[in-house]
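Visitor: One structure follows; several queries about it will come next.
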Amino acid sequence: MFDLTGKVALVTGATGGIGAAIATALHAQGAKVAISGRREAELAALAGTLGDRVLVAPADLADPAAPAALIETVEAGLGGFDILVNNAGFTRDMLALRMGDADWNAVLEVDLTAPFRLARAALRGMMKRRSGRIISIASIVGVTGNAGQANYAAAKAGLIGMSKSLAQEVATRGVTVNVVAPGFVKTAMTDALPEAARTALLTRIPTQRMGTPEDVAGAVAYLASAEAAWVTGQTIHVNGGMAMI
Amino acid sequence: MSDTADKVKKIVVEHLGVEESKVTTEASFIDDLGADSLDTVELVMAFEEAFGVEIPDDAAEKITTVKDAIDYIEKQKSA
Ligand SMILES: NC(=O)c1ccc[n+]([C@@H]2O[C@H](COP(=O)([O-])OP(=O)(O)OC[C@H]3O[C@@H](n4cnc5c(N)ncnc54)[C@H](OP(=O)(O)O)[C@@H]3O)[C@@H](O)[C@H]2O)c1
């Protein structure tokens, strides 16, 4: 089950905690994996751990031209394109009263617009080949909202609306478009939270632990597989029970 | 028949999986050949690739028959 032998996958944000785990999981299922991010040393290190069937494809997704070029690089370098994982993302938290246009735009650009550009570029080939998987990593806060994260929550909610729309557009072409929405996962992103905030969070998680990147990667590997062919336009919440939607 | 017409018809046959005999010059993609709106977008993309032309959205909207496609492409090529 969930075999990805011969499939080509691109994971953005592969230098981060969740992205590295997703790349590792897809690779373990047999996929050829292109790993992307801005930090080239981290990409090289991950490539070394994975071994063969890997393409290092650095990109800054704040650059509007980067997504189309990235898809081309992967198609040429790995000979096809089957699975797009939109995982790159960042936060710039502050109360809305203090949030400038630049803070809003920067987060929307990388967390929502870049995934759209990547999906648009990837869809062309996928529709021709009559198969493909687009999986975007949103967040629990895209559904629940979170004080201090108007920009980030809007971007993550946007990913869900975008995915549902794309899913309807390309359903007859064997392409599925889905979302994985993690709750609080232990990575650099959440290490930045103050200790007290983290302890308080745990009281709201029924499983009483933070998630691991692998918890998220498993859901992505499932959605990427042939077994998930009839699942489209959905959001899988991986959050230890913190929000039951 | 011109080369362009031949090539356009071949692309239509391939993309829509219809009988060659049905792809007459007057045939409408949607009404006669069973295309949906996504098929017409894919057809336009295929024409662009095959003929190396750009078909902007407002022009693409007006290409509803095989003849529309042939005429548009011939005009672009002679321009
Ligand atoms: N951790 C959580 O609790 C949690 C919860 C819900 C959702 N998520 C989502 O999960 C995804 C992965 O997060 P994470 O926790 O693994 O965070 P992380 O460790 O901070 O990783 C973020 C990744 O995004 C990439 N990135 C950021 N800005 C970029 C840009 N301009 N261009 C290209 N890549 C960029 C980073 O790559 P470089 O630094 O190399 O550029 C890095 O690989 C994000 O979308 C995040 O919103 C995380």
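The values are calculated or read from the model by the stated rules, or taken from the named source; none is laboratory data. Please read all numbers here as calculations on a predicted model, not as lab measurements. So basically every Cβ, Gly included, is an ideal-geometry build from the backbone, and we count neighbours across all protein chains shown. These accessible areas exclude ligands, DNA and RNA; they are computed on the full protein's heavy atoms, side chains included. Shrake-Rupley method; radii C 1.70, N 1.55, O 1.52, S 1.80 Å.
Visitor: Can we say residue A:120 is away from the ligand (no atom under 15 Å from the Cβ), modelled with pLDDT under 95 and open to solvent by 30 Å² or more (accessible area, probe 1.4 Å)?
Guide: Criteria not met by residue A:120.
Visitor: If you scan the range A:126-151, which residues turn out to be within 13 Å of chain B (Cβ to nearest Cβ) and surrounded by 18 or more Cβ atoms within 10 Å (Cβ to Cβ)?
Guide: A:126, A:127
Visitor: Follow-up. Quick check on the range A:67-81. Is at least one of its residues crowded, with 18+ Cβ neighbours inside 10 Å and in contact with an Asp or Glu (Cβ under 9 Å, 6 or more places away or on another chain)?
Guide: Within the range A:67-81 (the criterion being crowded, with 18+ Cβ neighbours inside 10 Å and in contact with an Asp or Glu (Cβ under 9 Å, 6 or more places away or on another chain)), the answer is yes, since at least one residue qualifies.
Visitor: While we're here: Across the range A:202-220, which residue is nearest to the ligand (Cβ to nearest atom) among those that are touching a residue at least 40 places away in the same chain (Cβ under 8 Å) and open to solvent by 10 Å² or more (accessible area, probe 1.4 Å)?
Guide: A:213
Visitor: Quick one: is residue A:15 open to solvent by 20 Å² or more (accessible area, probe 1.4 Å), hydroxyl-bearing (Ser, Thr, Tyr) and within 13 Å of the chain's Cα centre (by Cα)?
Guide: Against the criterion (open to solvent by 20 Å² or more (accessible area, probe 1.4 Å), hydroxyl-bearing (Ser, Thr, Tyr) and within 13 Å of the chain's Cα centre (by Cα)), residue A:15 qualifies.
Visitor: Could I ask something else about it? Quick one: residue A:59 ticks every box in (1) among the hydrophobic types (A, V, I, L, M, F, W, C); (2) within 25 Å of residue A:212 (Cα to Cα); (3) within 10 Å of the ligand (Cβ to nearest atom) except a single one, so which number is it?
Guide: If we test residue A:59 against (1) among the hydrophobic types (A, V, I, L, M, F, W, C); (2) within 25 Å of residue A:212 (Cα to Cα); (3) within 10 Å of the ligand (Cβ to nearest atom), just (2) comes out false.
Visitor: Can you tell me how many residues within the range A:167-195 are part of a helix (DSSP H, G or I) and either open to solvent by 40 Å² or more (accessible area, probe 1.4 Å) or more than 14 Å from every other protein chain (Cβ to nearest Cβ) (or both)?
Guide: 9
Visitor: Shifting gears a bit: Might you check whether a residue that is open to solvent by 20 Å² or more (accessible area, probe 1.4 Å), more than 14 Å from chain B (Cβ to nearest Cβ) and of a type in the set (Gly, Ala, Ser) occurs anywhere in the range A:102-110?
Guide: yes
Visitor: Another question, then. Given the criterion open to solvent by 70 Å² or more (accessible area, probe 1.4 Å), of a type in the set (Val, Ile, Thr) and either farther than 26 Å from residue A:169 by Cα or assigned to a helix (DSSP H, G or I) (or both), identify the matching residue among B:8, B:13, B:41.
Guide: B:41
Visitor: Here is a follow-up. Mind listing just one residue for me: the one in the range B:16-38 that is among the aliphatic types (A, V, I, L, M) and part of a loop (DSSP other than H, G, I, E, B) and, of those, nearest to residue B:62 (Cα to Cα)?
Guide: Filtering first and then ranking leaves B:30.
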